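Input: a single structure, listed below in structure tokens.
Bear in mind these aren't lab numbers, they're just calculated from the coordinates by the rules spelled out. Only a predicted model underlies this, so the values are computations on that prediction, with no experimental measurement involved. Neighbour counts are summed over all protein chains in view; Cβ atoms, including those assigned to glycine, are modelled from backbone coordinates with ideal geometry.
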Amino acid sequence: MMNLKKSIFTVGGYTIISRLLGFVRDILIANFLGAGMQADVFFVAFRFPNLFRRLFAEGAFSAAFVPIFSDLWEKEGRRRAHDFADHAFTILALILICFLIIVEIFMPWAIYLIAPGFDKIPGKVELAIELSRITFPYLLFISLVSLQSGVLNSLGKFAAAAAVPVILNITIIVTLIGFTSKGVNPGYVLSWAISIAGIIQFLWLFYYCQKEGLPIWFKKPRLSSKIKLLGKRALPVVFGASLYQLNLLIGTILASFISDGAVSYLYYADRVTQLPLGVFGVSVGTALLPTLSRQLSAGDEDAAIKSQNRGLEYSLLLTIPSTIALIIIPEPIIMVLFERGAFDHQATLATCNAMIAFALGLPAYVLIRVLAPGFFAREDTLTPVRVAGVSMVLNIILNILLMQKLGYVGIAMASSVSAWANALGLAFILRRKGGLVLNKKLKARVLKNSLASLLMGAGLYLGSGFFDFSMMTSEIERVSSLGVLVGFSVVLFGILIYFFGAFSPDDFRRAKN
């Protein structure tokens, strides 16, 4: 039986490394591109393949693939599970290759669709088309990587798959430093780096699948009963993922009309909030799905409910204080991370406003990641789609209403409110279906954690009054001052959760075993 705590710590550890490298990456991007035309164009080119990646792979294939693969492994053995994975890989690859060719041909129309406001500035649409054609092949490789990750995660081998984002960030950092110093346009450097990283990521996981005796490769396509079942279960999640991606697309479209730089402000703000989401939400959700799938395949409903509770507990432990910290000290964070080179103080202030709005929804984003596996592991891929559909409609309405007065900040605020509607809807339905039984331990620890977080926030607010970052001209002074603030808040929070009994050293020791 998988150790859920150990799996979460493994994925979370690599995710922390990836996010830290991601900040280095974004610091370099901000330095070379700033928050103007070039940055807007690159972020659209980068978001385009990622939009379909979540549609084809992370959302649909992982949610539908892992339970079937785990069930075959438990009941029919390695060979049948391996055969199923090969056929799924082949069919996914063929679909993606055809889709890739079509999109590359019709890229000009695609750019006018996702960023229609770009045509207000001469040359912006043309550059977006060119860079998007370079980045789009990344979709093929990262989607196949997601399937390989599903295989390894189902076997309880989380480390190799968790290291995949690290490869992307290292590739971008190395190429950006290496080629921009030679006078090459940083937008082109970044775009080529993304596609190259996709190839490296694929080869990385191909090696580790082969190491486990499960090299995933092409087979003659065959629509077996399990492949048909995969398609049947994946289709609702594809639709649900398309709803979520439509939310992002609508936000990008609206931001492209607001002002030059609006797309960039939302991107940088989202990147900061993605750190706790990736560490506490994605890592728990990644470890939870195969754990729940195996427990339910073995008929152990009580163990699955217990795992769901622990997943919620671990994910909220640091999400709540992170949310409070992002709201209390947004300006020092953005200044230290991005304010240099082409990224000026005006861009800092604009990004701070968006980050506060995103941070308000951070716990909801994490809860969605942790609650969704409760449905997928029970082979229910339809309910999360219905909830996402309602949330999408709410998001569109709020986008239109809030952007009238709040501009791009309204887009971020609408995202947070709709995320809370999604999370609460999932929790209500999962509990009604009997898959979510909140025990006393979870309730008590979340309450204690919230109290400790609020007190930590008060201490951070008082402590931040001793620093005036706007008057600091030295990079070292800014970084060290933020380090003192963060270190103080971490120590204070650690003391408070230990005092209140929200977490103990024994919990950490058991997680490593």
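Give the peptides 161-171, 139-149 in descending order of average Cβ contacts within 10 Å, highest first.
Taking the mean over residues of other Cβ atoms within 10 Å, the ranking is 139-149, 161-171.
Quick check: Cα centre of segment 406-427 to Cα centre of segment 172-225, how many Å?
Cα centroid of segment 406-427 versus Cα centroid of segment 172-225: 33 Å apart.
Straight-line reach from Lys182: which lysines have a Cα under 29 Å away, not including same-chain ones fewer than 8 places off?
Qualifying lysines at Cα under 29 Å: Lys124.
Straight distance only, please: which lysines reach the Cα of Lys448 with their own Cα at less than 18 Å, same-chain residues fewer than 8 apart left out?
Straight-line reach from Lys448, under 18 Å: Lys440.
Based on the Cβ-Cβ distance from Ile200 to Val390, what FRET efficiency comes out when R0 is 41 Å, to the nearest 0.05?
Efficiency for this residue pair is about 0.55.
What is the extension gain from Thr473 to Leu401, computed as 0.36 nm multiplied by their sequence separation minus the C-alpha to C-alpha distance, in nm to one decimal?
22.0 nm
Take every Cα-Cα distance within the chain, group them into 10 Å bins from 0 onward, and report for each bin the whole-number percent of pairs it holds.
Per 10 Å bin, starting at 0, the Cα pair percentages come out as 4, 19, 30, 28, 15, 4, 0.
Given a Förster distance of 22 Å, report the FRET efficiency between Asp300 and Glu379 from their Cβ-Cβ distance, rounded to the nearest 0.05.
0.90
Please arrange Ile320, Ile95 by how many other C-beta atoms lie within 10 Å of their C-beta, fewest to most.
Arranged by neighbour count, lowest to highest, Ile320, Ile95 become Ile95, Ile320.
Measure off 7 Å from each Cα along the Cα-to-Cβ vector at Arg79 and Arg340, then give the distance between these two points in nanometres to one decimal.
Between Arg79 and Arg340, the simple spin-label model gives 5.8 nm.
If R₀ is 51 angstrom, what is the calculated FRET efficiency for the pair Phe257 and Gln210, using the beta carbon separation as r and rounding to 0.05?
The formula returns an efficiency of 0.60 here.
Pick out the long, greasy-scoring helices in the chain: whole DSSP H runs spanning 30 Å or more along their own axis by Cα, mean Kyte-Doolittle at least -0.5.
Once both thresholds are applied, what remains is 4-33, 78-105, 186-211, 225-258, 301-328, 383-406, 408-432, 440-464, 475-500.
Cβ neighbours within 10 Å, averaged per peptide: list 304-315, 485-496 in order, most packed at the top.
So the order, starting with the most tightly packed, is 304-315, 485-496.
Subtract the Cα-Cα distance of Leu451 and Ala159 from 0.36 nm times their separation in residues, and report this length gain in nm to one decimal.
Roughly 101.8 nm would be gained on extension.
Lys6 to Ile495: extension gain in nm, 0.36 nm per residue of separation minus the Cα-Cα distance?
Here the answer is 173.7 nm.
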